[in-house]
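The values are calculated or read from the model by the stated rules, or taken from the named source; none is laboratory data. Given the structure is predicted, the values throughout are model-derived calculations rather than measurements. Using ideal geometry, Cβ is built from the backbone for each residue, glycine included, and neighbour counts are taken over all protein chains shown. Side chains included, ligands, DNA and RNA excluded: accessible areas come from the protein's heavy atoms. Shrake-Rupley method; radii C 1.70, N 1.55, O 1.52, S 1.80 Å.
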Amino acid sequence: MATQEELQALADQEIEDAKPLYKQINNERLEFSDADYAQAKIDLGNHKWQEQQFGYIEARQQAYGSVQEQLDMQYWDGVNGTTTWADHIAQVKSDNPKPV
């Protein structure tokens, strides 16, 4: 896990490496101002931090599958005496751990 400061430094470097960046204002292409570059660095740093801290939530939601699929797993586990659903949930949590 990277610290917020490490992620911000990475974001700063990515913006520096991407220069020049441009914006479109009234159909005119203008290079970012110093303030625009500063804000882009802040925004990218915040995005990286949020993704690190909370990205696992979306990854888990996608990996769990639909409620209908999970209910079907639970039904067949009950019928067959298996643990498919519990194993699936444990695997999703293992594959997408919550940050400490």
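Worth pointing out:
- Candidates in region 57-73 are the residues that are within 23 Å of the chain's Cα centre (by Cα) and polar (S, T, N, Q); of these, the one that is least open to solvent (accessible area, probe 1.4 Å) is 66.
- Some residue of region 3-11 being within 20 Å of the chain's Cα centre (by Cα), in a loop (DSSP other than H, G, I, E, B), without any contact (Cβ under 8 Å) to a residue 12 or more places away in the chain and under 16 Å from residue 99 (Cβ atoms): yes
- Tallying residues that are open to solvent by 70 Å² or more (accessible area, probe 1.4 Å) and either closer than 30 Å to residue 96 by Cβ or assigned to a loop (DSSP other than H, G, I, E, B) (or both) within region 19-56 yields 10.
- Selection from region 74-100 of residues that are within 22 Å of the chain's Cα centre (by Cα), among the β-branched types (Val, Ile, Thr) and open to solvent by 60 Å² or more (accessible area, probe 1.4 Å): 100
- Enumeration of residues in region 10-42 that are in contact with a helix residue (DSSP H, G or I) (Cβ under 8 Å, 6 or more places away or on another chain) and among the acidic types (Asp, Glu): 12, 14
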